[in-house]
1. Under a Cβ-only charge scheme (Lys and Arg +1, Asp and Glu -1), can you give me the dipole magnitude of the chain about the Cα centre, in debye to the nearest 20?
2. Neighbouring Cβ atoms within 10 Å as the yardstick, rank S26, S116, S41 fewest first.
3. Given the -39500 (n - 2.57) contribution per DSSP H run of 4+ residues, what per-residue ellipticity at 222 nm results for the chain, rounded to the nearest 500 deg cm²/dmol?
4. Considering amide H positions built from the backbone, and no H for Pro or chain starts, which residues 5 or more places from I142, or on another chain, come under 5 Å of its amide H?
5. Cα centroid distance between the stretch 159-177 and the stretch 1-49, in Å?
6. For M1 and K32, calculate 0.36 nm times their separation in residues minus their Cα-Cα distance, and state this gained length in nm to one decimal.
7. If R₀ is 30 angstrom, what is the calculated FRET efficiency for the pair A321 and K348, using the beta carbon separation as r and rounding to 0.05?
8. What residues qualify as long-range amide H neighbours of G102, i.e. H under 5 Å apart, gap of 5 or more or another chain, H built at 1.01 Å from N?
Amino acid sequence: MNLADLNKVALAMVTPGKGLLAADESSGTIKKRFDAIKVVSTEDSRRDYREMLFRSQEAMSKYISGVILYDETIWQNAKDGTPLVRLIEQAGAIPGIKVDEGTQALPACPGELVTSGLDKLAERLAKYYERGARFAKWRAVIDIGGGTGGLGTAGRAIPTMTAIRVNAHALARYAALCQAAQIVPIVEPEVLMDGDHDIDRCYDVTQRVLNRTFQELRVQRVALEGMILKPNMAISGKKCAKQASVEEVAEKTVRLLKSCVPAAVPGIAFLSGGQNDEEATAHLDAMNKIGHLPWRLTFSYGRALQAAPQQAWAGKADNVAAGQRAFSHRARMNGLASTGTWDAGLEKQAA
Ligand code: 13P
């Protein structure tokens with residue numbers, strides 16, 4: 001492992017003014033997104049859509065530091081035969097790859113999940129590196145049980161410590177394997193925002209999850225300088241009657257991260273997790289306006305970057321330019337948020 005080079009890539013991923021495009025939806029997830037815009041999901045339509053994004057010159061060269069790809073996409077070529085990874089590199093961004101293989105039910109913990117994909121991971125990482133990937137992603141999913149007591153179906157609090165520990169262990173196993181393969185791991189322990197819990201319960205659960213994750217990363221000798229953290233924000237559950245303000249989300253998220261994330265970590269790139277486009281931007285901007293942070297804070301958004309271009313494109317070749325404009329607009333807004341220089345008034349300018 002060459003830690004200086006890993007650190008260089010990690011810092012490039014969180015270049016001020018830029019952030020990551022999460023375009024790594026599994027075939028099942030992208031089908032759901034395409035269903036919503038009435039586009040049939042085929043290998044070609046998925047390729048056309050992603051080619052449209054990666055050829056968005058303004059977004060890709062100015063505001064996107066790297067793109068997380070799904071296995072199918074990293075091997076695909078653009079219509080003219082150019083590998084999609086080359087399009088990303090030509091725009092000056094870094095290709096990355098989602099390497100987890102989704103979630104499975106966690107035995108003896110009803111309603112909870114563990115992420116799989118560690119078997120043969122070392123071999124897969126070597127192939128991805130050869131293809132151009134310089135960073136990877138692994139997503140652990142932690143649910144917060146419904147109801148005020150957070151009780152799950154078995155009458156125990158969800159998340160259980162079991163779910164937190166096995167997912168943290170797997171994240172650290174993955175991260176160590178990535179670094180051994182000279183690939184920067186994005187460590188993503190996502191506490192879901194589904195549910196009716198309030199922001200303080202999200203804060204508490206996320207704190208337990210992050211503390212356990214960093215404990216495992218240390219045990220497994222992951223070099224913090226050569227990784228990126230991709231967490232959820234401290235935020236109210238979607239079904240919570242009392243939605244926290246932008247200022248409260250920003251203040252609590254910064255406080256939470258300061259209490260759990262060592263300063264050796266070069267950067268934190270948030271997931272959007274179901275926030276609407278403008279909320280995701282406003283929250284990131286408000287955190288960067290607080291300032292005096294030991295790490296760079298940016299975005300690694302999927303839905304909050306892609307919802308607008310998907311709507312504008314709607315599967316029609318004639319709409320490619322409109323799709324690219326919509327993508328470039330969201331990328332620019334989030335790029336500004338990554339330096340705390342976004343303003344809600346900018347949203348009114350034509351996308
Ligand atoms: P969202 O921003 O849509 O949550 O996706 C980011 C991601 O990569 C989740 O794993």
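FYI, it's all coordinate maths here, none of it is from the lab. Please read all numbers here as calculations on a predicted model, not as lab measurements. Every residue, glycine as well, gets a Cβ built from its backbone with ideal geometry; the counts of neighbours run over all protein chains shown.
1. Values: 44 positive and 39 negative charges, 74 e Å.
My answer is approximately 360 debye.
2. On the way: S26 15, S116 12, S41 19.
So the residues, fewest neighbours to most, are S116, S26, S41.
3. Numbers: 13 runs with 160 residues, N = 351.
Calculated from helices alone, the mean residue ellipticity at 222 nm is -14000 deg cm²/dmol.
4. When sequence neighbours closer than 5 places are left aside, the close amide H contacts are E190, V191, L192.
5. 23
6. Numbers: separation 31, 0.36 × 31 = 11.16 nm, distance 3.88 nm.
Using 0.36 nm per residue and subtracting the Cα-Cα distance, I get 7.3 nm.
7. On the way: r = 21 Å, r/R0 = 0.69.
Calculated transfer efficiency: 0.90.
8. Those lying under 5 Å, H to H, from G102 are S116.
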